[in-house]
1. Is the stretch 258-268 home to any residue that is among the hydroxyl-bearing types (Ser, Thr, Tyr), open to solvent by less than 10 Å² (accessible area, probe 1.4 Å) and over 29 Å from GLY5 (Cβ atoms)?
2. Hey, among GLY81, GLY5, GLY22, GLY104, which residue is of a type outside the set (A, V, I, L, M, F, W, C), buried (at least 18 other Cβ atoms within 10 Å of the Cβ) and modelled with pLDDT under 95?
3. Of everything in the stretch 269-308, what is in contact with a strand residue (DSSP E or B) (Cβ under 9 Å, 6 or more places away or on another chain) and either assigned to a loop (DSSP other than H, G, I, E, B) or open to solvent by 40 Å² or more (accessible area, probe 1.4 Å) (or both)? Give them in sequence order.
4. Filter the stretch 210-229 down to the residues that are touching an Asp or Glu at 6+ places or on another chain (Cβ under 8 Å) and small (Gly, Ala, Ser), then identify the one that is farthest from the ligand (Cβ to nearest atom).
5. Pairs under 6 Å by beta carbon, first residue within 20 Å of ALA36 (Cβ to Cβ) and of a type in the set (D, E, K, R) in the stretch 3-19, partner part of a strand (DSSP E or B) and open to solvent by 10 Å² or more (accessible area, probe 1.4 Å), six or more apart or different chains?
6. Only residues in the stretch 113-127 that are outside the structural domain of TRP175 (by TED's automatic domain parsing) count as the first member; pair them with residues that are within 16 Å of the ligand (Cβ to nearest atom) and open to solvent by 20 Å² or more (accessible area, probe 1.4 Å), Cβ under 6 angstrom, at least 6 apart or cross-chain, and list the lot.
7. Which of the helices (runs of 4 or more DSSP H) found entirely inside the stretch 60-142 contain at least 2 residues meeting this: within 13 Å of the chain's Cα centre (by Cα) and over 20 Å from GLY27 (Cα atoms)?
8. Looking at ILE165, ILE191, ILE176, which is the one that is at pLDDT 95 or above, buried (at least 24 other Cβ atoms within 10 Å of the Cβ) and more than 16 Å from VAL143 (Cβ to Cβ)?
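The values are calculated or read from the model by the stated rules, or taken from the named source; none is laboratory data. Quick caveat: nothing in here was measured; it's all calculated off a predicted structure. Glycine also receives a Cβ, built like all others from the backbone with ideal geometry; neighbour counts cover every protein chain displayed. Please note that ligands, DNA and RNA were not included when accessible areas were found on the heavy atoms of the full protein model with its side chains. Shrake-Rupley method; radii C 1.70, N 1.55, O 1.52, S 1.80 Å.
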Amino acid sequence: MTRLGLLTSGGDCPGINAVIRGAVLKGTIAYGYEFAGFRDGWRGVLDRDLVPLPRTAVRGLSRLGGTILGTSRTNPLMDGGIEAVRGSLSSLGVDALLAIGGEGTLAAAQELSDAGIKVLGIPKTIDNDLDATDVTFGFDTAVQTATEAIDRLRTTGESHHRCMIAEVMGRNAGWIALHSGMASGAHAILIPEHRVPTLQVARWVESAHHRGRAPLVVVAEAFVPEGQQAPYSPRGLDTFGRPRLGGISLLLEQELKELTGIETRATVLGHIQRGGAPTAFDRVLATRMGMAAVDSAAAGRWGTMVALRGTSLVNVGFQAALGRLKTVPEDRYREAAVLFG
Ligand code: F6P
């Protein structure tokens with residue numbers, strides 16, 4: 001009997017459990033596959049730490065946030081290497097891996113696949129920055145959560161006649177900022193793809209304030225402040241060697257207060273955006289991706305990831321999938337910027 005190993009790696013994301021459920025149900029019903037889940041991503045593969053995933057283990061999972069398997073940012077290529085992964089899979093009788101992950105995870109999966117290990121990828125990131133798929137599950141939930149939080153900042157801002165700054169996630173791209181900012185009617189949206197002088201932000205804030213509004217600024221954590229070459233990153237690197245972001249809104253708080261004289265408060269939404277139950281949209285997309293991954297395994301389409309194109313699920317080779325980030329195009333930013341100030 002074919003035995004597939006599921007793992008979730010990198011940052012978690014609402015919808016992962018729906019992927020697991022979709023894969024296990026489709027795999028057992030349609031193909032008679034057996035499933036096991038590795039605990040904490042590649043750490044579980046290297047430590048041979050896995051749990052059986054019969055059909056009963058995935059009951060009611062689609063509405064549950066997080067991942068029942070746990071996740072980590074363990075990089076298999078640095079922490080054990082290709083042969084350690086191969087040895088582990090063969091000793092556990094796991095024929096192939098379904099890796100649910102973002103850009104870092106998929107890069108590792110590509111190297112394993114190039115070395116002959118059967119791997120399929122399922123893209124996952126709240127950032128929505130993978131170019132090969134129209135949208136990643138988790139993004140819709142993150143935008144919804146951020147919008148609800150920003151709406152709340154709005155009412156307290158109005159009571160106090162303050163400028164409120166909401167900082168949202170997005171390591172390489174400003175999608176969450178653009179969408180939650182537009183949805184909440186922000187007076188300025190700041191994203192990494194577009195440089196904006198702080199004086200211009202101050203002008204937008206003042207203009208909203210003069211109309212009797214409580215100015216609202218939505219900033220992506222990776223926004224590059226004036227005079228800097230890279231995003232604000234005071235917390236070093238993660239295990240994939242990427243800067244840990246967060247805190248730019250606190251710098252802006254000081255600068256805007258000094259430039260405008262308006263009392264200003266910054267809030268970093270942080271991991272609240274990654275937690276909680278997925279939206280219906282994300283549940284459906286994630287379930288379909290899990291099922292499509294199993295179909296891909298049955299068809300032997302190893303070395304690919306499933307991707308959404310329009311309403312269809314397709315397979316894209318790891319190489320092509322990892323080639324380009326999906327950043328916010330200039331016309332999308334300009335479209336939103338008409339409403340600033
Ligand atoms: O890539 C998803 C993401 O949530 C980014 O938006 C954020 O910069 C990063 O992960 C945070 O990672 P961690 O959970 O390791 O702090």
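1. At the first step, the residues of the stretch 258-268 found to be among the hydroxyl-bearing types (Ser, Thr, Tyr) are 260, 264, 267.
Of the ones still in play, those that are also open to solvent by less than 10 Å² (accessible area, probe 1.4 Å) are 264.
Of the ones still in play, those that are also over 29 Å from GLY5 (Cβ atoms) are 264.
Yes - at least one qualifying residue is present in the stretch 258-268.
2. Working: GLY81 fails: buried (at least 18 other Cβ atoms within 10 Å of the Cβ); GLY5 fails: modelled with pLDDT under 95; GLY22 fails: modelled with pLDDT under 95.
GLY104 is the lone residue from the list that is of a type outside the set (A, V, I, L, M, F, W, C), buried (at least 18 other Cβ atoms within 10 Å of the Cβ) and modelled with pLDDT under 95.
3. Looking only at the stretch 269-308, we keep the residues that are in contact with a strand residue (DSSP E or B) (Cβ under 9 Å, 6 or more places away or on another chain), and these are 269-270, 273, 285-286, 288-297, 299, 301-308.
Within the stretch 269-308, LEU269, ARG288, MET291, ASP295, ALA299, ARG301, TRP302, GLY303 meet the criteria.
4. It comes out as ALA214.
5. Qualifying pairs under 6 Å: ARG3/GLU34.
6. Listed pairs, sorted by first residue: ILE126/ARG274; ASP127/ARG171.
7. Details: elements: 76-79, 82-92, 103-114.
Where helices (runs of 4 or more DSSP H) fall fully within the stretch 60-142 and carry at least 2 residues being within 13 Å of the chain's Cα centre (by Cα) and over 20 Å from GLY27 (Cα atoms), they are 103-114.
8. On the way: ILE191 fails: more than 16 Å from VAL143 (Cβ to Cβ); ILE176 fails: more than 16 Å from VAL143 (Cβ to Cβ).
Only one candidate qualifies: ILE165.
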